[in-house]
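The values are calculated or read from the model by the stated rules, or taken from the named source; none is laboratory data. Since the structure is predicted, the reported quantities are computational estimates derived from the model, not experimental observations. As a convention, Cβ positions derive from the backbone with ideal geometry for all residues, glycine included, and neighbour counts pool all protein chains shown.
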């Protein structure tokens, strides 16, 4: 019997009033970077490849605000007066097929997909997982405006969300819990659920006060400026064969390209360019040629991995510019098919992919028709 993949549901808690943030409407519906704060939060989970469903717990009086702010396909659940009651209502309304849940504060709009992925991965070995940051500042105790003592900071962490759990145990924990809790980890610990700690992120701030909107806006501006450029270069020699594979397209030719995989020199150059933009090495580091499992492998495997890694890091493909260097075969007749195949694999519009060719004027190894070279430039932009 095969193990089914877990159904991971995201539960975004956004039923509070957020009065400390000021403003005419609850903070989760106020604008952040031109869109409702809550819409930003939900969007990160809704587009994460391992999150199967998203539900939002809203205040009873916020139906109209939620309708305007949230995308279609996102379930809405009316919460309670307390956070614990709102979480319990949300847990009860999750899809029947859900096996795990990520409980996240709606007022943390800058959570990254990489952080979500870390929590999900930790749930493979524990029934609970949560992100946190180590406390680095000195801690004091005080009465009024006077310091009365020092609190050791060893072993202290600043809690964040999403806090992930196997669904059945956390449901039972909430049903049994009495009173209020700071967060769902507190509920879990009372019930004896093991909670794994994963690395949090400074930018995963909770918008609480008016100045937090300004901090979040600064992070968003930094994101917009984080544009990555990578270069890739690859060479494969000719050997026996009746065709070559270039950018996933079989091109008839009197000889084939030699390599440990399928020797798709164009796809290799683009893959290395993506790894370069991410500062993640090259194909050989991720798929060592010494490993026999990659013998004759389709280069689509490598490119898929690089694109997936970029997505996990919060980047989308801006554009690809690939140049194939050879005397023969002629690339022009196949260039459109190559662009289409590369766009399909990378999940982008064909208009973002350029495939062109040049000769080396009969100079060098390509001029002597001993092989094909390829060079690529890739631009990655924030999602």
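Within the stretch 316-324, can one find any residue that is touching a strand residue (DSSP E or B) at 6+ places or on another chain (Cβ under 8 Å), closer than 16 Å to residue 265 by Cα and assigned to a helix (DSSP H, G or I)?
There is no residue in the stretch 316-324 that is touching a strand residue (DSSP E or B) at 6+ places or on another chain (Cβ under 8 Å), closer than 16 Å to residue 265 by Cα and assigned to a helix (DSSP H, G or I).
If you go through the stretch 236-245 one residue at a time, do you hit one that is touching a helix residue (DSSP H, G or I) at 6+ places or on another chain (Cβ under 7 Å) and closer than 22 Å to residue 268 by Cα?
Yes, that holds for at least one residue.
For residue 195, state whether it is modelled with pLDDT of 95 or more, more than 22 Å from residue 139 (Cα to Cα), surrounded by fewer than 17 Cβ atoms within 10 Å (Cβ to Cβ) and touching a helix residue (DSSP H, G or I) at 6+ places or on another chain (Cβ under 8 Å). I'd like the intermediate steps shown before the answer.
Numbers: modelled with pLDDT of 95 or more: yes; more than 22 Å from residue 139 (Cα to Cα): yes; surrounded by fewer than 17 Cβ atoms within 10 Å (Cβ to Cβ): no; touching a helix residue (DSSP H, G or I) at 6+ places or on another chain (Cβ under 8 Å): yes.
It is false that residue 195 is modelled with pLDDT of 95 or more, more than 22 Å from residue 139 (Cα to Cα), surrounded by fewer than 17 Cβ atoms within 10 Å (Cβ to Cβ) and touching a helix residue (DSSP H, G or I) at 6+ places or on another chain (Cβ under 8 Å).
How about the stretch 120-222: which strands (runs of 3 or more DSSP E) wholly inside it have at least 1 residues that are within 26 Å of residue 109 (Cα to Cα)?
128-134, 157-159, 163-166, 195-199
What tally of residues in the stretch 345-364 results from selecting those that are surrounded by fewer than 20 Cβ atoms within 10 Å (Cβ to Cβ), out of contact with any helix residue (DSSP H, G or I) (no Cβ under 6 Å at 6 or more places or on another chain) and in contact (Cβ under 8 Å) with a residue 12 or more places away in the chain?
8
Given 182, 196, 191, which one is assigned by TED's automatic domain parsing to the domain that holds residue 128 and in contact (Cβ under 8 Å) with a residue 40 or more places away in the chain?
Result: 196 is the single residue among 182, 196, 191 that is assigned by TED's automatic domain parsing to the domain that holds residue 128 and in contact (Cβ under 8 Å) with a residue 40 or more places away in the chain.
Please tell me if residue 276 is part of a helix (DSSP H, G or I) and within 28 Å of the chain's Cα centre (by Cα).
Values: part of a helix (DSSP H, G or I): yes; within 28 Å of the chain's Cα centre (by Cα): yes.
In short, yes.
Which residues, taken from the stretch 291-306, are free of Cβ contacts under 8 Å to residues at least 12 places away in the same chain and either in contact with a helix residue (DSSP H, G or I) (Cβ under 9 Å, 6 or more places away or on another chain) or part of a helix (DSSP H, G or I) (or both)? Before the answer, list the steps.
Step one: list which residues in the stretch 291-306 are free of Cβ contacts under 8 Å to residues at least 12 places away in the same chain, which gives 291-293.
Hits for the stretch 291-306 are 292, 293.
What residue, of 102, 65, is within 18 Å of residue 16 (Cα to Cα), outside any loop (DSSP other than H, G, I, E, B), in the same structural domain as residue 27 (by TED's automatic domain parsing) and in contact with a strand residue (DSSP E or B) (Cβ under 9 Å, 6 or more places away or on another chain)?
From the options 102, 65, the qualifying one is 65.
Go through the stretch 332-356 and report how many residues are at negative phi, modelled with pLDDT under 95 and not in a helix (DSSP H, G or I).
Total meeting the criteria: 2.
Which residue out of 276, 266 is crowded, with 17+ Cβ neighbours inside 10 Å, out of contact with any helix residue (DSSP H, G or I) (no Cβ under 9 Å at 6 or more places or on another chain), modelled with pLDDT of 95 or more and on the phi < 0 side of the Ramachandran plot?
Checking each option against the conditions leaves just 276.
In the stretch 41-62, which residues are surrounded by 21 or more Cβ atoms within 10 Å (Cβ to Cβ) and either out of contact with any strand residue (DSSP E or B) (no Cβ under 9 Å at 6 or more places or on another chain) or in a helix (DSSP H, G or I) (or both)?
The answer is 41, 42, 44, 45, 62.
Please work out which residue is surrounded by the fewest Cβ atoms within 10 Å (Cβ to Cβ), limiting yourself to the stretch 20-40 and to residues that are in contact with a strand residue (DSSP E or B) (Cβ under 9 Å, 6 or more places away or on another chain) and assigned to a loop (DSSP other than H, G, I, E, B).
Looking at the filtered set, the residue picked out is 30.
Out of all the residues in the stretch 232-263, which are surrounded by 17 or more Cβ atoms within 10 Å (Cβ to Cβ), touching a residue at least 24 places away in the same chain (Cβ under 8 Å), more than 32 Å from the chain's Cα centre (by Cα) and more than 23 Å from residue 340 (Cβ to Cβ)?
Of everything in the stretch 232-263, just one residue is surrounded by 17 or more Cβ atoms within 10 Å (Cβ to Cβ), touching a residue at least 24 places away in the same chain (Cβ under 8 Å), more than 32 Å from the chain's Cα centre (by Cα) and more than 23 Å from residue 340 (Cβ to Cβ), namely 238.
Given (1) in contact with a strand residue (DSSP E or B) (Cβ under 9 Å, 6 or more places away or on another chain); (2) surrounded by fewer than 18 Cβ atoms within 10 Å (Cβ to Cβ); (3) touching a residue at least 40 places away in the same chain (Cβ under 8 Å); (4) more than 22 Å from residue 343 (Cα to Cα), where does residue 205 come up short, assuming only one miss?
So residue 205 meets the others, but not (1).
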